[in-house]
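The values are calculated or read from the model by the stated rules, or taken from the named source; none is laboratory data. Keep in mind that this is a model prediction, so the values were computed, not measured. Here the Cβ positions follow ideal geometry from the backbone for every residue, glycine too, while neighbour counts run over all protein chains shown. In case anyone asks, the SASA skips ligands and DNA or RNA and just uses the protein heavy atoms, side chains included. Shrake-Rupley method; radii C 1.70, N 1.55, O 1.52, S 1.80 Å.
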Amino acid sequence: MNTQTFSAGLEGVVACRTRLSHVDGAAGKLVLAGHNAVVLAENNTIEEVWFLLHEGHLPDASELAAFKDKIETLGRLPADEVNLIKKLRGIEPLSAFRTALSAIANKRGYQPWLNRPKREAVEEILALCALAPSIVEVLHTGRRPRLKNGNAGYAERYLWGVTGSKPSVENVRAVETYLILTMDHGLNASTFASRVTASTGADVGAAITSGIGTLSGPLHGGAPGPVLDMLDAIGSNDKADAWVRAQLAAGVRLMGFGHRIYRTDDPRAITLKRVAERQNGPRIELAKVTEQAALAVLTEKQNLRAAAEGKAVRPLRVNVEFWTAVVLEHVGIPRELFSSTFCASRIIGWGEHVAEQIADNKLFRPLSLYTGEMPAE
Ligand SMILES: CC(C)(COP(=O)(O)OP(=O)(O)OC[C@H]1O[C@@H](n2cnc3c(N)ncnc32)[C@H](O)[C@@H]1OP(=O)(O)O)[C@@H](O)C(=O)NCCC(=O)NCCS
């Protein structure tokens with residue numbers, strides 16, 4: 001009889017050490033390498049925060065210029081890779097992104113990192129992650145990425161590539177805030193998947209591809225598109241309460257609500273709600289009314305549950321994906337690219353976690369609790 005402790009979904013299990021990020025679910029705080037993520041998202045660029053994760057400190061002006069230049073250069077796709085990506089058009093965008101990244105790593109000859117200088121693997125990680133805006137642009141437009149004049153950074157290149165024209169400063173800032181807030185988030189499912197694959201000594205392309213596959217699920221990164229579908233289905237403010245009640249009565253989960261770690265408001269959701277309020281787009285009123293209706297009904301549901309079970313149950317609050325949907329729609333990103341946009345952010349976190357795993361590796365090999373029959377002696 002196996003008497004080891006079993007925790008469904010590894011809830012509460014500490015599976016690695018990291019200096020990259022910390023989610024304080026009770027206080028509703030996200031820390032990125034020693035800094036408050038909300039402060040970073042409101043004041044810094046992606047390249048600054050990426051450098052912070054990579055090097056452990058924020059860059060000075062010359063470090064930033066060199067890093068920005070490096071990411072921009074690594075982000076250019078050679079013609080043969082553009083052609084390879086074009087062949088993947090027409091399939092679901094995040095699946096195409098995953099397949100493109102995997103194929104590029106293989107085409108470049110990336111090998112298992114084990115028994116090779118670790119710095120080579122770290123350079124391969126940066127090279128792959130920097131490609132995200134260009135991969136999404138080719139998949140979306142079917143042509144090679146256009147040159148973006150004016151020293152565009154990662155966020156501007158991404159939005160420019162998707163919308164086809166130079167975006168406004170406000171829209172770049174909105175996307176940049178989002179991309180920083182979602183860049184890394186403790187040992188979430190996709191980051192764990194990337195680290196598990198890296199722990200086997202596999203090539204870094206395989207490790208990052210594992211992250212993309214894991215992100216695709218609606219319980220993780222796939223919720224913002226369905227959030228817009230939900231707002232479409234509700235249609236007007238007066239229908240929100242009845243719609244939400246009907247969904248919950250039918251046992252359907254409300255996308256954009258609930259979180260494994262946060263016991264209070266998700267700080268990323270609060271920040272993105274502020275961005276959405278500043279945007280003041282046509283969705284904002286319906287989104288606010290829907291959020292309030294959902295929170296009220298989810299609280300009622302949890303209170304009933306607590307009374308029935310005679311113990312406190314986890315509150316269900318709004319999560320990052322609800323306000324992400326409103327913000328990304330306003331800047332002109334089509335909903336079928338929401339998961340790819342999340343991927344263009346979280347890929348940076350996966351890359352840094354893979355590098356961290358490689359630097360101090362131990363093969364992940366947990367135990368399972370056998371529930372089958374034992375053979376007769
Ligand atoms: C994010 C999420 C997967 C976290 O879930 P978790 O920690 O594994 O918690 P569980 O899935 O065990 O849910 C606990 C209970 O709360 C309920 N619950 C959780 N989120 C809910 C939601 N969004 N709507 C309705 N009920 C919800 C579950 O139905 C479950 O009740 P049950 O035991 O009666 O089935 C979950 O909240 C969810 O599915 N949210 C919707 C998808 C989403 O927004 N994903 C993006 C996350 S950033």
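Output the residue which, of all residues in the range 215-236 that are open to solvent by 20 Å² or more (accessible area, probe 1.4 Å) and more than 9 Å from the ligand (Cβ to nearest atom), is nearest to the chain's Cα centre (by Cα). That would be SER216.
Quick one: would you say ARG314 is open to solvent by 10 Å² or more (accessible area, probe 1.4 Å), away from the ligand (no atom under 14 Å from the Cβ), farther than 21 Å from ARG157 by Cβ and in contact (Cβ under 8 Å) with a residue 40 or more places away in the chain? Criteria not met by ARG314. Here GLN302 passes the criteria (1) open to solvent by 10 Å² or more (accessible area, probe 1.4 Å); (2) within 13 Å of the ligand (Cβ to nearest atom); (3) under 22 Å from LEU337 (Cα atoms) except the one numbered (3).
The single residue among VAL122, VAL31 that is touching a helix residue (DSSP H, G or I) at 6+ places or on another chain (Cβ under 6 Å) and among the β-branched types (Val, Ile, Thr) turns out to be VAL122.
Here's the yes/no breakdown for (1) of a type outside the set (Asp, Glu); (2) under 30 Å from ARG89 (Cβ atoms); (3) touching a Gly at 6+ places or on another chain (Cβ under 8 Å); (4) open to solvent by less than 10 Å² (accessible area, probe 1.4 Å):
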{"site": "ALA325", "(1), (2), (3), (4)": "yes, yes, yes, yes"}
{"site": "HIS330", "(1), (2), (3), (4)": "yes, yes, yes, no"}
{"site": "ILE333", "(1), (2), (3), (4)": "yes, yes, no, yes"}
{"site": "SER340", "(1), (2), (3), (4)": "yes, yes, no, yes"}
{"site": "ARG346", "(1), (2), (3), (4)": "yes, yes, yes, yes"}
{"site": "GLY349", "(1), (2), (3), (4)": "yes, yes, no, yes"}
{"site": "ALA359", "(1), (2), (3), (4)": "yes, no, no, no"}
{"site": "LEU367", "(1), (2), (3), (4)": "yes, no, no, no"}
{"site": "MET374", "(1), (2), (3), (4)": "yes, no, no, no"}
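Within the set LEU40, LEU58, LEU64, LEU30, the sole residue that is more than 16 Å from the ligand (Cβ to nearest atom) and crowded, with 18+ Cβ neighbours inside 10 Å turns out to be LEU40. In the range 261-273 there is at least one residue that is open to solvent by less than 30 Å² (accessible area, probe 1.4 Å), assigned to a loop (DSSP other than H, G, I, E, B), within 26 Å of HIS353 (Cβ to Cβ) and within 16 Å of the ligand (Cβ to nearest atom).
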